[in-house]
Amino acid sequence: MTAAVPILPQIIGISSAIRHIHETIAQVAKADSTVLITGESGTGKELVAKTIHIKSPRAKKRYVAVNCAAFPHELLEAELFGHERGAFTGAVARRTGRFEHADGGTIFLDEIGDMPLTLQSKLLRVLQERAIERLGGNDTIPVNVRVISATNKNLEDSIKQGKFREDLYYRLDVIPIEIPPVRERKEDIPELCRFLLDKHAEKFDRVDVRLRDDAMNAFINYAWPGNVREIENVVERLLVLNENNIVGLSDLPDKITGRNMPDLPDILGDDEGFNPFVGGIDLNSAIDEYERRLINHALELHKGIKAQAAKYLNINRTTLIEKMKRLGM
């Protein structure tokens, strides 16, 4: 059974990184090699996977997506490979898995880095033999499926930690595609904003909604830890909460404009009886205090999640932890 060919998704951007991704997609779509897409959450990994499928000879067959992190480990095997009746409690009938469902087409394995080790060995066998066995069954069922996977984790680090099989990694990473975060391709932000404003304006019966220059500059200067997904959420919020077609700086959320950023510590104030004319300013202490406030601000914004706070501050997570230790936080 064939599936209707969906509308080609749009990968928006003018940066050299996005142009390179378009070129790579055009090359790899013709082949059946496995593809591993890497990048932070919200960068558009599934968008790239869908584009590869639609541009490939398999476009008239199914595109099936599975989030490996969305299922309990014990159920993911049945989800991928199916099961026979009675294979486990609650298996009252035979069920076709996602690999069989995608036969002739493409299967997209998102968050592949979260797949349990026991299942990784079975996936490796599927890639090698192009066949699956249903859970609780003995029959070997051939499948003709192209595998595209994605992760926001560093799989090479996971291999060193014993959490990911090296042999599976090399099977998946035949064609690597890395999507850089938005903060590393700021030239794409104006085009992304215009595209997303037009996309969502249609839902709210709005026409020609645009960001004023000051608002656009704030968008460009913000770090966007949630990447394109976060931009889209903010754009939709602006359309819901503002009736004006011209969006200015005052209409933007505080986290983008920096309106709720902590003030510099009042090093010249009288709270602690400091006299600026006696002994001068303790520059190191003032810098430490401001750094402490910025880190607290980032942690509050991201509910204490250090990885997200580090992205917001444009530093590595390990750097953030080291700074917190140094500052006694």
Please identify the pairs in which a residue from the stretch 130-157 that is in contact (Cβ under 8 Å) with a residue 60 or more places away in the chain and outside the structural domain of Y169 (by TED's automatic domain parsing) has its Cβ atom under 7 Å from the Cβ atom of a residue that is assigned to a loop (DSSP other than H, G, I, E, B) and buried (at least 16 other Cβ atoms within 10 Å of the Cβ), counting only partners at least 6 apart or on another chain. none
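Considering only residues of the stretch 148-191 that are in a loop (DSSP other than H, G, I, E, B) and of a type in the set (V, I, T), which is nearest to the chain's Cα centre (by Cα)? Working first, answer last.
Applying the first criterion (in a loop (DSSP other than H, G, I, E, B)) to the stretch 148-191 yields 152-154, 161-165, 173-174, 179-181, 185.
With of a type in the set (V, I, T) added as a condition, the list becomes 174, 179.
Numbers: V174: 21, I179: 9 Å.
Among those that are in a loop (DSSP other than H, G, I, E, B) and of a type in the set (V, I, T), it is I179.
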If only one of F195, F219, F164 is within 30 Å of N245 (Cα to Cα) and either in contact (Cβ under 8 Å) with a residue 40 or more places away in the chain or loosely packed, with under 14 Cβ neighbours inside 10 Å (or both), which one is it? F195
Tell me yes or no: at least one residue of the stretch 262-284 is modelled with pLDDT under 85, over 29 Å from K45 (Cβ atoms), assigned to a helix (DSSP H, G or I) and of a type outside the set (D, E, K, R). yes
Residue in the stretch 122-157 that is surrounded by the fewest Cβ atoms within 10 Å (Cβ to Cβ), counting only those that are of a type in the set (S, T, Y) and at pLDDT 95 or above: T151
Would you be able to say whether some residue in the stretch 73-87 is in the same structural domain as V35 (by TED's automatic domain parsing), of a type in the set (G, A, S) and out of contact with any Leu (no Cβ under 8 Å at 6 or more places or on another chain)? yes
Looking at the stretch 1-20, which of its residues are modelled with pLDDT under 70 and surrounded by 14 or more Cβ atoms within 10 Å (Cβ to Cβ)? A3
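Within the stretch 300-313, can you find the residues that are under 22 Å from E184 (Cα atoms) and either assigned to a helix (DSSP H, G or I) or at pLDDT below 85 (or both)? Write out each step before concluding.
First pass over the stretch 300-313, keeping only residues under 22 Å from E184 (Cα atoms): 301-302, 305-313.
If the condition is that a residue be under 22 Å from E184 (Cα atoms) and either assigned to a helix (DSSP H, G or I) or at pLDDT below 85 (or both), then L301, H302, K306, A307, Q308, A309, A310, K311, Y312 are the ones that fit.
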Can you go through V126, V145 and tell me which one is within 28 Å of H20 (Cβ to Cβ) and out of contact with any His (no Cβ under 7 Å at 6 or more places or on another chain)? V145
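The values are calculated or read from the model by the stated rules, or taken from the named source; none is laboratory data. Everything quoted here is computed from the prediction, not taken from an experiment. Backbone-built Cβ (ideal geometry, glycine too); neighbour counts: all protein chains shown.
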